[in-house]
Amino acid sequence: MSLAAAAEKPQTQSSQALDIILSNIDMAADDEGPICQDTGMPTFVVHTPVGVNQIRIRRAILEATAQATRLGKLRPNSVDSLTGKNSGNNLGEETPVVHFEQWEEDEIEVKLILKGGGCENKNIQYSVPCDLDHLGRADRNLEGVRKCILHAVWQAQGQGCSPGAVGVCIGSDRAHGYELAKGQLFRTLDDVNPNATLAQLEAQIMEEANRLGVGAMGFGGKSSLIGCKIVAANRLPASFFVSVAYDCWAFRRLGVRLDAESGAITKWLYRDPSRPVERMARGEGFPLTGREVILTAPLTEAQVRALKVGDVVLIDGEMYTGRDNVHAYLMKNAPPVDLAGAVLYHCGPVMLEEKGVWKVKAAGPTTSIREEPYQADVIRRYGVRAVIGKGGMGAKTLAALQECGAVYLNGIGGAAQYYARAVEEVLGVELMEFGIPEAMWHLRVKGFAAIVTMDAHGNSLHADVERETGEALAALQKA
Ligand code: SF4
């Protein structure tokens with residue numbers, strides 16, 4: 001991330017986003033708190049020598065997962081797909097995900113990846129031959145694979161919290177292809193693929209994807225991809241899949257090697273305990289220019305109509321969180337609070353109750369596009385003046401912003417510690433039956449920084465960047 005930040009043009013929106021991300025990383029390290037509020041689907045890959053009791057290891061993993069959730073290190077993320085009920089402790093049917101493999105080494109190896117929903121939703125699988133936006137036909141050859149991977153980076157835009165990393169599997173079947181693609185995300189970013197053909201393709205994708213101009217958070221810029229790792233697997237003659245697992249900048253992996261007899265840690269993976277923690281921030285986090293617009297919520301129509309795409313705002317006052325369940329609820333029920341002039345924050349925070357008082361442990365924005373089917377109605381019906389999220393929204397919401405006098409503010413995805421510190425007080429909570437991440441939290445904030453990316457005049461930075469990067473993609477095709 002330091003390299004990504006150094007490559008970005010100073011004073012741009014992407015560069016500002018990276019500054020916040022770097023500060024957020026420092027804050028998470030200082031507090032040993034979640035680097036992002038979405039702590040993902042905990043996925044463990046365990047290798048054991050023959051004879052090791054895997055049932056005991058699974059039990060230990062479940063206990064550790066529940067304990068980490070109790071301590072506020074993991075957000076309760078396990079939701080019953082039939083009832084919608086959150087188990088509250090990250091345990092449930094098939095969660096956490098645990099894969100066991102035997103191997104011929106003497107030690108046990110446990111690796112963990114935490115990949116959140118924003119980037120998980122941007123995974124994509126291609127069945128080639130296929131036609132791709134801006135790139136034309138992708139055939140069953142390496143050139144076709146190259147097109148698929150570039151398309152995967154392009155389609156993610158900022159919704160997966162770019163700059164991201166992609167794990168890719170060429171071949172296999174649909175299910176195993178995705179598994180192998182995700183497995184590539186366990187490689188270190190600076191390793192070199194032992195297969196020379198794939199090593200060359202990885203290098204080519206890194207170079208070309210960083211010319212697309214997606215930039216941090218999809219704001220437009222030079223840093224779009226921090227890693228590309230590819231594996232090839234045999235396939236059926238009739239099938240040719242290219243599976244792409246997209247991971248965000250947070251890119252959380254950790255692993256240990258264990259003595260199989262004593263269980264003692266013999267080595268850490270992805271972490272060198274002898275290396276001091278390096279500070280990431282280049283300055284004070286969000287370099288203020290004095291041109292920021294201070295907004296005190298609730299907001300008036302005139303305040304909002306005065307804003308335009310590119311403005312940086314600092315919000316003081318009250319806001320409400322609301323994401324998938326809240327939006328679905330508001331389609332059929334009146335809001336439990338008055339949303340006239342309100343700031344609605346797409347966020348599923350990590351919260352911890354300490355002595356009867358709720359504390360925010362992590363509170364970055366979630367991917368807004370999921371609320372596109374609801375957002376315009378919510379704005380029209382209830383008078384919401386500002387929506388904060390990440391990745392932008394679509395044409396329906398843009399039309400409602402213009403019609404009603406409202407704005408979309410892009411927070412910095414994953415900057416959960418940075419935003420948690422902007423919360424002065426938790427004023428209350430509604431709809432707690434949806435579980436902690438989905439409840440409607442009433443917060444008082446101070447200096448909450450965000451960028452206007454969709455304004456009340458019909459302008460959308462997201463639409464502009466998507467169009468410009470589409471043209472860049474087409475240019476790569478011609479080159
Ligand atoms: S950084 Fe973004 S994509 Fe990654 S887990 Fe957090 S919110 Fe999701």
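The values are calculated or read from the model by the stated rules, or taken from the named source; none is laboratory data. As the structure is a computational prediction, the values presented were derived from the model and not from experiment. Virtual Cβ from ideal backbone geometry, glycine too; neighbours counted across all protein chains shown. For the accessible areas, the whole protein counts, side chains as well, though only heavy atoms, and no ligand, DNA or RNA atoms are used. Shrake-Rupley method; radii C 1.70, N 1.55, O 1.52, S 1.80 Å.
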Residue in the stretch 388-404 that is polar (S, T, N, Q), under 26 Å from Ala68 (Cβ atoms) and either under 25 Å from the mean Cα position of the chain (by Cα) or within 16 Å of the ligand (Cβ to nearest atom) (or both) present: no
Scan of the stretch 109-134 for residues that are more than 30 Å from Val98 (Cβ to Cβ) and either over 26 Å from the mean Cα position of the chain (by Cα) or within 14 Å of the ligand (Cβ to nearest atom) (or both), ordered by number: Val128, Pro129, Cys130, Asp131
Verdict on Gly84 being open to solvent by 30 Å² or more (accessible area, probe 1.4 Å), away from the ligand (no atom under 16 Å from the Cβ) and at pLDDT below 95: yes
Strands (runs of 3 or more DSSP E) (entirely within the stretch 215-274) containing at least 1 residues that are surrounded by 23 or more Cβ atoms within 10 Å (Cβ to Cβ) and within 16 Å of the ligand (Cβ to nearest atom): 225-233, 241-247
Hits in the stretch 311-345 (condition: in contact with a Leu (Cβ under 7 Å, 6 or more places away or on another chain), in contact (Cβ under 8 Å) with a residue 60 or more places away in the chain, open to solvent by less than 30 Å² (accessible area, probe 1.4 Å) and in a loop (DSSP other than H, G, I, E, B)): Gly322
Residue check for Val465: open to solvent by less than 30 Å² (accessible area, probe 1.4 Å) and more than 25 Å from Lys73 (Cβ to Cβ): yes
Checking Leu91 against (1) within 22 Å of Arg370 (Cβ to Cβ); (2) open to solvent by 40 Å² or more (accessible area, probe 1.4 Å), the condition it does not meet: (1)
Selected residue (only one of Ser243, Ser223, Ser262 is of a type in the set (Ser, Thr, Tyr), out of contact with any strand residue (DSSP E or B) (no Cβ under 9 Å at 6 or more places or on another chain) and more than 30 Å from Val52 (Cβ to Cβ)): Ser223
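Residues of the stretch 423-436 being touching a strand residue (DSSP E or B) at 6+ places or on another chain (Cβ under 7 Å) and either at pLDDT below 95 or over 20 Å from Ile35 (Cα atoms) (or both), which ones? Show your work before the answer.
Going through the stretch 423-436, the residues touching a strand residue (DSSP E or B) at 6+ places or on another chain (Cβ under 7 Å) turn out to be 423-431, 435-436.
The answer is Glu425, Val426, Leu427, Gly428, Val429, Glu430, Leu431, Gly435, Ile436.
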